[in-house]
Each structure stands twice: as structure tokens, then as C-alpha cells.
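Since every read-out is calculated from the coordinates, none of them should be taken as a lab result. Here the structure is a predicted model, which is why all the values come from computation and not from measurement. Virtual Cβ from ideal backbone geometry, glycine too; neighbours counted across all protein chains shown.
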Amino acid sequence: MDDFLKDLKNLRKKAEDEISRATTFSELERIKTAYLGRKGILTSKFKDLVSLPENKRPEAGEIANEIKLELQKIVSQKIEKLKIKGKKEKEETFDYTLPGIKIATGKLHPLTQISSQIVEIFYGMGFEVVYGPFVETNYYNFDALNFPLDHPARDMMDTFYIDEKRLLRTHTSPVQIRVFERRKPPVRILAPGRVYRNEAINARSYCVFYQVEGFYVDYNVTMADLKGVLLAFVQELFGKDVSLRFRASFFPFTEPSAEVDISCVICGGKGCSVCKHRGWLEIGGAGMIDPEVFKAVGYDPETYSGYAFGMGIDRMAMLKYRIDDIRLFYENDLRFLRQF
Ligand code: DAH
């Protein structure tokens, strides 16, 4: 019995020493298994209990058990110590002078960015945003907008037809009709979105591009209201010194109609290669909504009047960001997109 207890005490001392000297988790794990594992030294001591006289066994067993519990406790304490040590070492080896790791973030496409800006500006002037479908019918894209049947814009050259009746919208103006059909004046709407044209592709034109349509119908809406809203808009987008002019033009759905120019935002109107030395840049078309359009949707042209305008978003983005090739917007070259 005495020998047995002496053995146990030595064992405990040895194990304790080894545990306290351990410097890594794997070392500690190995020591733990050697003593406390299923085939460990201490575990085998329990089996030796049977060799003791029967009356001594309970006391010896109790002592062996105490030692086992103590060793388990020492191991857990050591684990905590090693954890704290590891943390400290990590902190000590962290080099605060190293450059940070750059986190890659997504960005909005430049056309999306400028669209949002445009929407924001008109929103501030009381316009509400509406989106129309990209696949339109002849009726909305042309007929209801007073395009004569033989109008060249209906030609296969410009329009992507899907079948006899359906096509990819060539402008955002059909949204006017869709809104007028559903609502009664006053309506003050902004309709940005994608349009499609079967045109030759080059630095200035692409088969897909973006337009923003705006229109306002109410009692006594005038051309002066139209010009005032557009001037406020371009000055907000391009700066306070930008001026605006209307040039007489023709659109089937407006009368009178105008081409909308702004003073060149690159040279300030003096003349440069971007404005082709004219000092002015065209940004869209506008006019007073034609009575024929009102008749098509059941608005009384004697009671109401309204203006409409349509502008190229790509064009405005090109001017704002000084981009000289529209195709860059559609190629998704990351070297280009990352600049925005
Ligand atoms: N829809 C015309 C186009 O794509 C642009 C336009 C001109 C829209 C005059 C209008 C407008 O609303 O009044 O060329």
C-alpha cells in the first residue's frame, strides 16, 4: 500500500513538472494523453488497485482519483496560460507600420451614377419617376406619338423589330402615352431608361443607350416653364455658369419643338474640338406636347397644355466625365470602370 501511494505521488510530481514545462498545445496534448489517456500511466494505476488488500482499496482509490482530478485541473489551467501567451505574441509581432489591406468594394456604373444624379435633381423640382418597358409596340413607340406611317424613324434601319407589332423602344417618349392613359392631369414625370437603335456603331453612337424623358401636363403650362426647368437642371448638373438655348426643330409629338443646347462645358462657349468650335452642345429635344398626342389619350387639348423633353444620358455623362467614346460605357473594361 505504501509503495502504491509513493508511486502515485511521484507520478503526480513528474506529470506536474512536465505540464509546467510544456510550451505548445501539441506538447501539452501529448503529456495529457501519456498520463490521463485511456492507456495512460495514471489510468493503469487504477487497474493496479486490485493487487492491494481489499480493505486498503477504497482509500487508495480515492487518492488516485484526487490526483487524476488535480492533473486535469492543472492541464486546463495550462491551456488558458498558453492561449494568453499566444495572443500576446501575436500582438507583439503585429507591425503597425505595414500598409493596410485594401478591401475591394463594388461601385455603381458611371451611367447609373449620373442617372441617379439626374433623378435627384428633378425629384427636387417635383417630378416623380416612372419606368416603361423596353419592349414596346408600334402603337406606343410611334402611332400614339403622332409619327406618320411613312416616318423614316420607323424604318428597319433604325428600329429593332421583334415582329410586326413589337419592337425595342427607340426612345423613352412612349412612357408619356403609358402615363397619360392611366392618369389624369396634373402629371409631372421623369422617365429614365434604356433605348435601342439600329445605328452604325462608332465613338459617338451605339446600338443601346440611355435617355431621360420628362413631361408635365396641367392647366396653363408654358414653354417658359419648360425652359426654366431645363435651365435649373443643367446648372445643377454642370455648374452655375452654363447657359441654355432652344433651336427651332421638329418632332411629331411636340408643337412647337426645339433642340436643346447648352454652352460648351469644356471651353465655356469659346469654341473647342468637343463643341466643334460652335460654343454650344446639343443635349436633347423638347417642346409643347402636340394636341394630336392629347387626343390619342383622351386629354382635352383645350383644357390642358404640357411640355416634354428627352435628353441623352450617355451624352451628359461623356461631357461630365470628359469621355470621348460612348462604347466605353458598354464594354465593362474594369480599367475604365474603376475610375468612377
Ligand atoms: N424622343 C426624342 C428622340 O429620341 C427626343 C425628344 C424630343 C423627346 C422632344 C421629347 C421631346 O419629349 O419633346 O429623339
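Mean separation of Cα pairs under 8 Å and 6 or more residues apart, divided by the residue count, gives region 2-92 a relative contact order of 34 percent.
Between the beta carbons of N65 and R30, assuming R0 = 25 Å, the FRET efficiency works out to 0.60 to the nearest 0.05.
Would you please put 280-293, 78-91 in order of how densely packed they are, using the mean number of other Cβ atoms within 10 angstrom per residue and starting with the highest?
280-293, 78-91
Between F160 and L168, N198, the built amide H atoms are under 5 Å apart, and every one of these is 5 or more places off in sequence or on another chain. Here the residues C275, C207, ranked from fewest to most Cβ neighbours within 10 Å of their Cβ, fall in the order C207, C275. Cysteines in the chain that lack a partner Cβ within the 4.7 Å cut-off: C207.
Need one number: the % of Cα-Cα pairs in region 146-251 sitting beyond the 23 Å mark.
When every Cα pair of region 146-251 is considered, 44 percent fall beyond 23 Å.
Annotation note: trypsin sites (Lys or Arg not before Pro) in region 207-283 located in DSSP loop regions with a Cβ neighbour count of at most 11 within 10 Å are K240, K270, K276. Building the convex hull from the alpha-carbon atoms of region 2-92 and averaging its projection over directions returns 5.8 nm². Treating cross-link reach as a plain straight distance, find the lysines whose alpha-carbon is under 30 Å from the alpha-carbon of K9, omitting any fewer than eight places away in the same chain. Hits, sequence-local ones excluded: K32, K39, K45, K47, K56, K68, K73, K78, K81, K83, K85.
A simple rule links phi to the HN-Hα coupling: the Karplus curve 6.51 cos²θ - 1.76 cosθ + 1.60 with θ = phi - 60°, which for region 227-233 gives 5, x, 5, 5, 5, 4, 5 Hz, with x for Gly and Pro. Residues whose amide H comes within less than 5 Å of that of T254, counting only those at least five positions distant or on another chain, are D290 (H built at 1.01 Å from N in the peptide plane). Using the Karplus relation 6.51 cos²θ - 1.76 cosθ + 1.60 with θ = phi - 60°, the per-residue 3J(HN,Hα) values for region 210-223 come to 10, 10, 10, 9, x, 7, 9, 10, 6, 6, 6, 7, 10, 5 Hz, with x marking Gly and Pro. Only Cα sites of the chain enter the Debye sum here, all with the same form factor; the resulting log10 I(q)/I(0) across q = 0.15 1/Å is -1.22, listed in q order.
Test of understanding: extend the Cα→C-beta vector of Q77 to 7 Å, then name every residue of region 7-39 with backbone N under 13 Å from that spot. Within reach of a label on Q77: 16-17, 19-21.
Here r is the Cβ-Cβ distance between D17 and E92 and R0 is 22 Å; the resulting FRET efficiency, rounded to 0.05, is 0.20.
Would you work out the charge dipole size for region 71-155 about its Cα centre, treating the Cβ of every Lys and Arg as +1 and the Cβ of every Asp and Glu as -1, and quote it to the nearest 20 debye?
Working: 11 positive and 11 negative charges, 307 e Å.
It works out to roughly 1480 debye.
Using Cα-Cα distances under 8 Å and only pairs 6 or more residues apart, what relative contact order does region 226-340 have, in percent? Let's see the in-between values first.
On the way: 157 pairs, mean separation 20.5, N = 115.
It comes to 18 percent, rounded to a whole number.
Measuring nothing but how far apart in sequence close Cα pairs (under 8 Å, 6+ apart) lie, relative to its length, the chain scores a relative contact order of 14 percent.
Taking a straight Cα-Cα cut-off under 19 Å and skipping sequence neighbours fewer than 8 places away in the same chain, the lysines within cross-link reach of K184 are K295. Shown in residue order for region 288-300 are the 3J(HN,Hα) couplings computed by the Karplus curve 6.51 cos²θ - 1.76 cosθ + 1.60 at θ = phi - 60°: 8, 4, 5, x, 4, 5, 4, 5, 4, 10, x, 8, 7 Hz (x for Gly and Pro).
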